[in-house]
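Engineer: Next up is a structure, given as structure tokens.
The values are calculated or read from the model by the stated rules, or taken from the named source; none is laboratory data. Only a predicted model underlies this, so the values are computations on that prediction, with no experimental measurement involved. Cβ coordinates were reconstructed from backbone atoms using ideal geometry, including for glycine residues, and neighbour counts include every protein chain displayed. We work out accessible area using only protein heavy atoms, side chains counted, and drop any ligands, DNA or RNA first. Shrake-Rupley method; radii C 1.70, N 1.55, O 1.52, S 1.80 Å.
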Amino acid sequence: MSNYLDLMAEAWPALLEGLKITIILTILSLALGLIIGLVMALMRLSRRNLLRAIAHVYVDVVRGTPVLVQLFLVYYGLPQFGIRVTPILAAVLALGANYGAYLAEVFRAGLLSIDRGQWEAAESLGFQGRQLYRKIILPQAIRVSLPGIGNYANSMVKDTSLASVVTVMELLRSGQIIVSATFQSFEIYLTVGAMYLAISLPLAWYTRRLEERSNRGYA
Amino acid sequence: MPETSILSATDIVKDFKTQRALDVCSFGVREGEVVVIIGPSGSGKSTLLRCLNLIEVPDEGMLRLADEDVLSMPRDGLGRKRHSNIVRARTTLTGSTSMVFQKFNLFPHMTVLDNIAAAPHFVGSVPKELARKTAIDLLERVGLADRQSAFPAQLSGGQQQRVAIARALAKKPRIMLYDEPTSALDPELVGDVLGVIRDLAASGMTKVIVTHEMDFAQQVADRVLFMDKGRIIEEGTPEQIFAHPVHERTADFLRRVRVQVPPPISTADTDLRGTHDIN
Ligand SMILES: Nc1ncnc2c1ncn2[C@@H]1O[C@H](COP(=O)(O)OP(=O)(O)O)[C@@H](O)[C@H]1O
Ligand SMILES: [Mg+2]
């Protein structure tokens with residue numbers, strides 16, 4: 001036990017730094033994913049064939065290829081075209097783009113679940129375009145989408161560990177480096193796992209709170 | 001159509017995939033007039049009403065609001081401007097009409113007060129406080145002032161429909177369109193809602209009402225239209241339509257909904273039919 005405490009005294013600052021990077025990666029990638037997802041879902045429902053086709057191809061291609069391939073494409077591929085990306089930026093772009101495709105389906109299902117009568121009532125009151133979506137449709141669609149979003153937010157916490165393969169010093173990679181110096185694999189990885197839990201448990205609690213709040217007034 | 005119509009639809013045709021819902025219908029309503037549309041289920045009553053605010057876009061026909069030609073189909077439905085033509089026409093029509101739906105269609109994520117204040121505030125740019133104040137006044141008029149912070153799901157059907165009527169009135173329409181406003185209600189709740197609609201009739205509001213409540217129709221209508229199979233078969237005063245229908249189909253329908261009707265003159269020899277319960 002005192003052995004473990006000694007180890008932690010040494011490893012803790014690096015692990016905390018990794019935890020910080022993991023949280024930042026999660027927030028940025030999720031934000032990008034939500035934006036891409038919502039835009040793609042709205043494009044899927046567009047009147048214009050071209051927009052629908054683009055969204056369709058995007059979702060199918062991104063979901064049909066491994067996220068690691070996408071990550072390598074961004075990190076190693078873009079520089080070939082003279083576009084330099086930092087490891088963190090590459091991870092955010094790849095994870096955001098990847099989750100965007102899945103979240104597009106979540107939002108799309110949410111939008112499709114809205115009763116036709118809601119659109120009709122809103123239009124009959126004069127709502128149209130952006131305002132119709134912002135005030136009437138999206139609040140209802142997002143409520144329906146919240147459980148799905150919560151799921152992907154939880155996955156994102158863990159999938160940020162993929163960024164370790166492009167040298168981002170996030171939580172897992174910090175752990176790996178400490179292990180390679182101390183050979184205390186069990187203790188370190190157990191601690192790393194616990195630290196992921198320390199993010200995902202409060203997140204799960206928070207999304208459930210959000211769901212409850214958004215169900216306010218519903219039968 | 002009479003020149004004096006505040007809203008008119010001329011030669012409207014509307015096809016759905018497998019069938020014709022409106023087969024050349026013409027119809028107009030004058031300022032302050034209450035027109036009631038009756039007819040069997042599937043006869044095109046809702047479709048006609050929904051063409052009046054372009055929730056349904058007709059395939060053929062003209063829509064006029066006061067002295068403005070709002071939409072002329074198929075001409076305005078062709079080419080690149082199709083969508084913008086229809087949006088512009090709908091904006092014009094929804095600026096002057098409000099619709100009350102069979103299933104209320106209140107916004108479930110908003111309180112009663114916000115349901116009513118939303119359109120005046122967001123669409124009509126009325127300042128929020130004023131929109132809310134107007135909403136509270138309207139809630140008082142429909143007898144629900146105490147439920148302003150409830151959500152729709154916490155109300156009974158009759159209460160929801162009264163909120164929907166207040167919501168429709170809040171944007172100060174010139175014409176109210178009612179599509180079977182009591183058909184989704186439990187029988188004991190129908191009276192309150194009809195009462196609200198009727199009292200607003202007394203206030204001189206122009207109305208087009210689709211309903212199966214024949215007593216109510218008789219009470220409030222200035223003019224009654226009978227529709228069948230996508231056509232307007234017959235129209236007249238309540239007295240003419242309910243007591244002396246000219247067409248056999250009208251008489252038949254009225255018998256089925258149990259309005260006591262003397263048989264049409266031409267078929268007087270079949271006078272026993274009126275006493276049969278055809279339902
Ligand atoms: N959205 C729709 N899609 C296909 N058919 C429809 C649609 N709306 C109405 N119809 C058809 O058009 C006809 C007229 O319908 P409707 O106007 O709702 O009649 P009513 O209101 O008199 O009961 C019916 O046969 C109905 O099935
Ligand atoms: Mg109907």
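Engineer: Just to verify a number: FRET efficiency for B:Gln154 and A:Tyr4, C-beta to C-beta distance, R0 = 56 Å, to 0.05?
Structural biologist: For R0 = 56 Å, the calculated efficiency reads 0.55.
Engineer: Whole angstrom only: what separates the Cα centroid of segment A:150-219 from the Cα centroid of segment B:179-206?
Structural biologist: Rounded to whole Å, the Cα centres lie 57 Å apart.
Engineer: Counting Lys and Arg as +1 and Asp and Glu as -1, what is the net charge of the other residues whose Cβ lies under 14 Å from the Cβ of B:Leu177?
Structural biologist: +1
Engineer: Follow-up. Roughly how big is segment B:3-258's charge dipole about its Cα centre, with Cβ charges of +1 (Lys, Arg) and -1 (Asp, Glu), in debye to the nearest 20?
Structural biologist: 860
Engineer: Further, regarding this structure: Report the accessible area of B:Thr91, computed with a 1.4 Å probe over the heavy atoms of all protein chains in place, in Å² rounded to the nearest 10.
Structural biologist: Its accessible surface works out to 60 Å², give or take rounding.
Engineer: With angles folded into 0 to 90 degrees, how steeply does helix B:82-96 sit against the dominant principal axis of chain B? Use alpha carbons for both and round to 10.
Structural biologist: With both axes taken from Cα atoms, the answer is about 90 degrees.
Engineer: If you don't mind, there's one more thing I want to ask. With 10 Å bins from zero, work out the P(r) of segment A:2-216 over every alpha carbon pair and list the percent per bin.
Structural biologist: 8, 27, 29, 20, 10, 4, 1, 0
Engineer: In nm, give the distance between the simple-model label positions of B:Asp137 and B:Thr237, each being 7 Å from the Cα along the Cα-to-Cβ direction.
Structural biologist: A separation of 3.5 nm, rounded to one decimal place.
Engineer: Once label points are set 7 Å from the Cα along Cα→Cβ at both B:Glu188 and A:Phe81, what is their separation, rounded to one decimal in nm?
Structural biologist: 6.9
Engineer: Name the shape class, rounded, prolate or oblate, that the alpha-carbon gyration tensor gives for segment A:26-74, where a ≥ b ≥ c are the square roots of its eigenvalues, rounded holds for a/c under 1.5, and otherwise prolate holds if a/b is larger than b/c and oblate otherwise.
Structural biologist: Judged from the Cα gyration tensor, segment A:26-74 comes out oblate (a/c at least 1.5, b/c at or above a/b).
Engineer: Counting partner chain Cβ atoms within 10 Å of every residue's Cβ in B:115-124, what's the average?
Structural biologist: 4
Engineer: How big is the equivalent ellipsoid of segment B:30-116 along its three axes, where each semi-axis is √(5λ) from the Cα gyration tensor, reported in whole Å from largest to smallest?
Structural biologist: 24, 19, 15
Engineer: Give the distance, in whole Å, between the Cα centre of segment B:60-98 and the Cα centre of segment B:1-48.
Structural biologist: 15
Engineer: Which of the pairs B:Lys14/B:Lys172; B:Lys17/B:Lys171; B:Lys81/B:Lys103; A:Lys135/B:Lys14; A:Lys135/B:Lys128 have their Cα atoms more than 26 Å apart in this structure?
Structural biologist: B:Lys14/B:Lys172; B:Lys17/B:Lys171; B:Lys81/B:Lys103; A:Lys135/B:Lys14
Engineer: Which log10 I(q)/I(0) values does segment A:96-219 give at q = 0.21 Å⁻¹ under the Debye formula, counting every alpha carbon as one identical point scatterer?
Structural biologist: The calculated log intensity ratios at q = 0.21 Å⁻¹ are -1.17.
Engineer: Same structure, new question: Once you average over the residues of A:124-137, how many Cβ atoms of partner chains fall within 10 Å of each Cβ?
Structural biologist: 6
Engineer: P(r) for segment B:72-199, please, calculated from all Cα pair distances in 5 Å bins and given in %.
Structural biologist: With a bin width of 5 Å, the distribution comes to 2, 11, 19, 21, 18, 11, 8, 6, 4, 1, 0.
Engineer: Can you give the charge dipole size of the protein assembly as shown about its Cα centre, rounded to the nearest 20 debye, using +1 on the beta carbon of Lys and Arg and -1 on the beta carbon of Asp and Glu?
Structural biologist: So the dipole magnitude of the protein assembly as shown works out to roughly 1400 debye.
Engineer: Return the carbon/sulfur percentage of the accessible area of chain A, one whole number, probe 1.4 Å, all protein chains in place.
Structural biologist: After summing per-atom areas, the C and S share lands at 65 percent.
Engineer: B:Asp23: net charge of surrounding residues, Cβ under 12 Å, Lys/Arg +1, Asp/Glu -1, itself excluded?
Structural biologist: -1
Engineer: Report the Stokes-Einstein translational diffusion coefficient (µm² s⁻¹, integer) for chain B, Rh taken as the Kirkwood radius over Cα pairs, at 4 °C with viscosity 1.567 mPa s.
Structural biologist: Answer, rounded: 66 µm²/s.
Engineer: With Cβ to Cβ distances under 11 Å as the rule, what net charge do the other residues near A:Thr182 carry (K, R +1; D, E -1)?
Structural biologist: So the surrounding residues net to -3.
Engineer: Turning to a different aspect of this structure: Run the 1.4 Å probe and let me know the accessible area of A:Tyr189, rounded to the nearest 10 Å².
Structural biologist: About 90 Å², ignoring ligands and nucleic acids.
Engineer: If you don't mind, there's one more thing I want to ask. When the dipole is taken about the Cα centre of segment A:135-219, and only Lys, Arg (+1) and Asp, Glu (-1) are charged at their Cβ, what size is it in debye, to the nearest 20?
Structural biologist: It comes to approximately 480 debye.
Engineer: Something else: Report Rg/Rh for the protein assembly as shown, rounded to two decimals, where Rg is the Cα radius of gyration and Rh the Kirkwood radius.
Structural biologist: Radius of gyration over Kirkwood radius for the protein assembly as shown works out to 1.15.
Engineer: Of the DSSP beta bridges with both residues in segment B:3-258, give the percent that are antiparallel, rounding to the nearest 5.
Structural biologist: Of those bridges, close to 60 percent are antiparallel.
Engineer: Rounded to the nearest 10 Å², what accessible area does A:Lys158 have for a 1.4 Å probe in the complete protein model?
Structural biologist: 100
Engineer: What FRET efficiency would be calculated for the residue pair B:Ala66, B:Arg198, taking the C-beta separation as r and a Förster radius of 30 Å, to the nearest 0.05?
Structural biologist: Once the sixth-power term is evaluated, E becomes 0.70.
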